[in-house]
Amino acid sequence: MTGFGKASMQLPTKKITVEVKSLNSKGLDLNVRLPLTYREKELPLRNQIAHELERGKVDFSLYVEVTAEETSNKINAPIVMAYINQMKAILPEADETELMKMAVRMPDSLKVERVELDENEWIEIQKVIIQALANIKSFRNSEGNTLETDFRLRIANIRNSMELAAALDGQRIQTVKDRLKNNLAELQVNVDENRFEQELIYYLEKMDITEEQVRLTNHLDYFIETLSGSEANGRKLGFIAQEMGREINTMGSKSNHSEMQKLVVLMKDELEKIKEQVLNVL
């Protein structure tokens, strides 16, 4: 959801510049900065931005730079003349030019006239806003393409580590059997072989990771399928990543094998990187 968009245009008496910045956020956190003249357009503008950007911590700013002689400050002539007359009464010999300089510095000597919104001007400004929003969306799309490549690579790495862990399963089971038999041999006790086999099967079933491998494979496939969709899918990808984490953690708790645990650590590392980047997906 990170991005930046900027656009500007020159009107007859002013230059309009629009900047839009976006950072990660669970929802839409929108901050709009507008000159006082355009405040009445804030609500429809917020709706427009929300429709285009959907999510993110968004800062929208519209700047106006006056490029021609135009001012909303007018001299309040009656007030200025009143000040001059009062000062003449006090200083009858004073120079009128100096009195004028003093008068325009006095309170209320200037009055600010509210500039009414020109609808035709706003139509032109809308073109800049649309362009700035298009620019930030283009930025987001470029970032999204980079993220998609990274996601596919990390999903492939998790899948590869899972397959390597599955290949170690036979070796792991045999290691467990040998260790249990050696421990019994050291105890030098007679063991009912049938009962031993039953207990061994029960113990090995507790360590079986087949179900976790199947579910993790399904989650990996679903992640890629969702990633390839055209709709906004950031939240869904985050939920899938959580489910992947549960299966990987269960595999780790059942592994009881040093090499398999190393592979589980690699899967966890790749998944954490996915979770960090998923926050940046719309």
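With a 10 Å Cβ neighbour count serving as the proxy for reagent exposure, in which order, fewest first, do Leu45, Leu117 appear? Show your work: numbers first, answer last.
Numbers: Leu45 21, Leu117 13.
Result, fewest neighbours first: Leu117, Leu45.
Starting from the Cα of Asn160, step 7 Å along the direction of its Cβ; do the same at Asn85; then give the gap between the two resulting points in nm.
My value for the distance between the label points is 9.2 nm.
Using the basic label-point model (7 angstrom from Cα toward the beta carbon), what is the Tyr222 to Thr2 distance in nanometres?
It works out to 2.9 nm between the two label points.
By count of other Cβ within 10 Å, fewest leading, how are Phe60, Phe151 ordered?
Phe151, Phe60
For Thr146 and Thr250 in the same chain, what is the full-extension length gain: residue separation times 0.36 nm, less their Cα-Cα distance, in nm?
Values: separation 104, 0.36 × 104 = 37.44 nm, distance 3.09 nm.
In short, 34.3 nm is gained.
Check the straight Cα-Cα distances from Lys6 and name the aspartates and glutamates below 16 Å, setting aside those fewer than 8 residues away within the same chain.
Glu19, Glu52, Asp59, Glu65, Glu124
Ordered by residue, what ³J(HN,Hα) values in Hz, to whole numbers, does the stretch 45-56 give under the Karplus form 6.51 cos²θ - 1.76 cosθ + 1.60, where θ = phi - 60° and Gly and Pro are x?
Rounded to whole hertz, the list is 5, 4, 4, 5, 5, 4, 5, 7, 9, 6, 9, x.
Provide the FRET efficiency to the nearest 0.05 for the Arg105-Gln126 pair, computing r from the beta carbons and using R0 = 35 Å.
Working: r = 41 Å, r/R0 = 1.16.
The calculated FRET efficiency here is 0.30.
Please give the calculated 222 nm ellipticity per residue for the chain, where each DSSP H segment of at least 4 residues contributes -39500 (n - 2.57) and the sum is spread over every residue; nearest 500 deg cm²/dmol? Working shown, then result.
Numbers: 9 runs with 178 residues, N = 282.
Rounded to the nearest 500, it is -21500 deg cm²/dmol.
Could you list Arg215, Arg179 in order of exposure, starting from the residue whose Cβ has the fewest other Cβ atoms within 10 Å?
Working: Arg215 16, Arg179 11.
By the 10 Å Cβ count, ascending, the order reads Arg179, Arg215.
Would you calculate the volume per residue, in Å³, of the smallest convex hull containing every Cα atom of the stretch 73-112?
Working: hull volume 2.1 nm³, N = 40.
Convex hull of Cα atoms, per residue: 53 Å³.
Spelling out what I want: for every residue of the stretch 152-164, take phi, set θ = phi - 60°, compute 6.51 cos²θ - 1.76 cosθ + 1.60 (Karplus), and round to whole Hz; glycine and proline get x.
Once rounded to whole Hz, the list reads 4, 5, 6, 5, 5, 5, 5, 4, 5, 5, 4, 5, 5.
Once fully extended, how much extra length lies between Glu96 and Asn47, figured as 0.36 nm per residue of separation less the alpha-carbon to alpha-carbon distance?
My answer for the length gained is 12.1 nm.
Please list log₁₀ I(q)/I(0) at q = 0.12, 0.16 Å⁻¹ for the chain, using the Debye equation with identical point scatterers on the alpha-carbon positions.
So the normalised log intensities are -0.89, -1.14.
Considering the options Ala89, Asn76, Met102, tell which one lies farthest towards the positive end of the dipole of the stretch 73-112, charges being +1 on Lys and Arg and -1 on Asp and Glu at the Cβ, about the Cα centre.
Asn76
Here is the link list: Lys14/Lys127; Lys177/Lys254; Lys57/Lys137; Lys137/Lys268; Lys236/Lys273. Which ones come out longer than 20 Å on Cα distance? Walk me through the numbers before you get to the answer.
Details: Lys14/Lys127 15 Å; Lys177/Lys254 15 Å; Lys57/Lys137 14 Å; Lys137/Lys268 32 Å; Lys236/Lys273 16 Å.
Table pairs above 20 Å Cα-Cα are Lys137/Lys268.
Here, each number is a calculation from the coordinates, and none is a lab measurement. The structure presented is a predicted model; accordingly, all values stated were derived computationally and were not measured. Every residue, glycine among them, receives a Cβ derived from its backbone with ideal geometry; neighbour counts consider all protein chains shown.
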